[in-house]
Each structure stands twice: as C-alpha cells, then as structure tokens.
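In what follows, a structure is listed as structure tokens, so that the remarks can point back to it.
Derivation of every value follows stated rules applied to the coordinates shown; laboratory data play no part. A quick note: this is a predicted structure, and the numbers were derived from the prediction, not measured. Cβ coordinates were reconstructed from backbone atoms using ideal geometry, including for glycine residues, and neighbour counts include every protein chain displayed.
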Amino acid sequence: MITRILDSQIREKLFKKKAIVLTGPRQVGKTTLIHSLTSGMDKVLFFDGDDPTVQRLLDRPNTSQLKDLIGDNKVLFIDECQRLNEIGLTSKIIIDQLQPVQLILSGSSSVDILQQTGESLTGRKWTFSLLPVTWQEWQDYSGYLESEQDMENRLVYGVLP
C-alpha cells in the first residue's frame, strides 16, 4: 500500500474531541486510508452511507438512538456521508454528547459534505482533502529509479491508486 502524506497528519488529530472529515475525488483512496488508520484499533464501527439501512437508521436519530447504534465502540467511521440527511446535526450530537467516540466522515462530494457539516460542526471538526497520489508518495513507495523509469506511464495514465 502506498503511504499517504495525510496519514500522519490525521493520526495526530485522532481522539482530540473533534470530527475528522476526509474529502476527495472518487477512487483516490479515502476509504483505504481510513481503514489503514483504524486497523489494529479495537471497537471500530463502520457505516456505509450508500446502504439504505444505514440511511434509514441515521436519518435524524436522537441521542438515545445514537448511543444504541454506536454502543461501546470508540471509533465511528461513516463513508459516503453526503448521502445521509442531516449528517451535520447527527455529527454534532455525536461530538457533543457521545465522547470519547472519534467520528470520522468521508465522501467524494466535498461541496455537499462541507455544506452539510459547515455550520453544525463549526469548531468541532478537522477537514482534510485527499488528492491522487503525489510524486513524493509514489517515489517513497517505488523508489527513485523506478519512479523515474515509470514517469511516462504516470504522465499518460495519472496517479490514482
């Protein structure tokens, strides 16, 4: 796996009583990065915003319902969170009422996510944008010589993971 520069930056922000919001284009590795960050952690709960059941359960839940859903998990990762109605208000309840749960939101529609979480999570989130693999990330992964030898392919086909 290619180590992403954001990996260490996000790790520094974990469990600081704020949500982590990760945006970026499709297929750049957002979900993979979050799974990598949470691997080895105990009590991680994953919700997929594309799942209709998740959409129903997280459609304006109250604090008690959220406590029941999250249980004793320490990390809640909601992927494709822009698909969920009122994700900003739901996130605010989690941050304000359900500490020490680390909330991580991700999705590919950065405009929607930032609009939905903007006001509700003011002062309660750190936002990161994951872009395609940088040259430095590629070079760290494959080595200088191979990176130089593969430059033409990277220029023609891009650097999506």
Can you run phi through the Karplus equation (6.51, -1.76, 1.60; θ = phi - 60°) for region 139-156 and list ³J(HN,Hα) in whole Hz, with x for Gly and Pro? 5, 4, 6, 9, x, 4, 4, 5, 4, 5, 5, 9, 4, 4, 4, 5, 5, 7
So how compact is region 1-155: Cα radius of gyration and Dmax in angstrom? 16.8, 57
Where the only charges are on Cβ atoms (+1 Lys, Arg; -1 Asp, Glu), what is the dipole of region 70-161 about its Cα centre, to the nearest 20 debye? 480
Going highest first, how would you order 73-82, 51-60 by mean Cβ packing within 10 Å? 73-82, 51-60
For the chain, what does -39500 (n - 2.57) per DSSP helix run (n ≥ 4), summed and divided by total residues, give at 222 nm, in deg cm²/dmol to the nearest 500? -11500 deg cm²/dmol
Only Lys, Arg (+1) and Asp, Glu (-1) charged, at Cβ; the chain dipole about Cα centre in debye: 740
As I understand it, the dipole of region 36-93 uses +1 on the Cβ of Lys and Arg and -1 on the Cβ of Asp and Glu, about the Cα centre. Which of Ser64, Met41, Ile87 lies farthest toward its positive end? Ser64
Report the charge-dipole magnitude of region 57-106 in Debye, nearest 20, computed about the Cα centre from +1 at each Lys and Arg Cβ and -1 at each Asp and Glu Cβ. 80
Relative contact order for region 22-161: what percent, with Cα pairs under 8 Å and sequence separation of 6 or more? 31
Per-selection Rg to Rh, region 1-93 - Cα, Kirkwood hydrodynamic radius: 0.95
Among Val21, Leu121, Ser8, whose Cα sits farthest toward the positive end of the charge dipole of the chain (+1 at Cβ of Lys/Arg, -1 at Cβ of Asp/Glu, about the Cα centre)? Leu121
